[in-house]
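The values are calculated or read from the model by the stated rules, or taken from the named source; none is laboratory data. Everything numeric here is computed off the predicted structure, so don't read it as measured data. Ideal geometry is used to build each Cβ from the backbone, glycine not excepted, and the neighbour counts take in all protein chains shown. For accessibility, only protein heavy atoms count, side chains too; no ligands or nucleic acids. Shrake-Rupley method; radii C 1.70, N 1.55, O 1.52, S 1.80 Å.
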Amino acid sequence: MHLPLSPREILASPRLLIGLAAAGSASVLIGALLFQAIGFAPCDLCILQRWPHLVAAVLGGMMLLFNLPLALAFFGALAALTTSVLGFYHSGVERGIFEGPDTCTSNGIAGLSPADLLAQIEAAPLIRCDEIVWSFMGITMPNLNAVFSLVFAVMWVLAYRAAKRGA
């Protein structure tokens with residue numbers, strides 16, 4: 001059995017692209033769960049970014065395992081693009097570029113009564129979306145998710161286009 005190795009052969013093989021994109025999403029999801037297991041608790045936006053990866057990984061696996069139509073790669077691209085957009089948004093929330101969801105970021109306290117302030121503190125999540133939990137050389141987990149997921153989305157689109165050309 002010949003395994004495609006050249007970039008041209010990889011781009012011509014939609015099933016290989018689907019496998020790589022699905023494995024990429026599965027790897028990101030597993031990595032996030034491992035980080036959580038070693039003590040880096042996720043915020044609400046982090047958890048939200050995981051669902052599209054699960055969809056893409058399961059869809060890719062099912063497409064390869066059951067030889068489903070390659071046109072379904074469109075939905076894999078949509079899932080990967082969704083988590084990429086969420087990752088870019090979360091990155092902006094961490095950096096103060098975008099305002100995050102009220103359920104996940106700190107709110108102002110001006111004008112709050114002591115009872116309202118206490119209620120806000122008690123309702124606040126333990127992990128806030130506007131705080132950077134982990135970074136390496138200024139790169140955070142949402143940054144990595146945004147970029148890798150965009151690459152996976154491109155792979156899904158290339159698989160879809162290759163499948164359409166071959167049909």
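Could you count how many residues in region 71-85 are open to solvent by less than 40 Å² (accessible area, probe 1.4 Å) and not hydroxyl-bearing (S, T, Y)? Steps first, please.
Going residue by residue through region 71-85, those that are open to solvent by less than 40 Å² (accessible area, probe 1.4 Å) are 73, 76-77, 79-80, 83-84.
Remaining after also requiring not hydroxyl-bearing (S, T, Y): 73, 76-77, 79-80.
Counting residues in region 71-85 that are open to solvent by less than 40 Å² (accessible area, probe 1.4 Å) and not hydroxyl-bearing (S, T, Y) gives 5.
Report, ordered by the first and then the second residue, all pairs with beta carbons closer than 9 Å, sequence separation of six or more or different chains, a first member in region 59-73 that is under 18 Å from A153 (Cβ atoms), and a second member that is open to solvent by less than 40 Å² (accessible area, probe 1.4 Å) and aromatic (F, W, Y).
G60/W156; A73/W156
Considering L68, L64, L20, L59, which residue is surrounded by fewer than 17 Cβ atoms within 10 Å (Cβ to Cβ) and modelled with pLDDT of 95 or more?
Unique residue meeting the criteria: L64.
State which residue is least open to solvent (accessible area, probe 1.4 Å) when the search covers only region 29-51 and only residues that are in contact (Cβ under 8 Å) with a residue 60 or more places away in the chain, of a type outside the set (S, T, N, Q) and in a helix (DSSP H, G or I).
L45
Quick one: is L72 under 20 Å from R161 (Cβ atoms) and either outside any helix (DSSP H, G or I) or out of contact with any Lys or Arg (no Cβ under 9 Å at 6 or more places or on another chain) (or both)?
Yes, satisfied.
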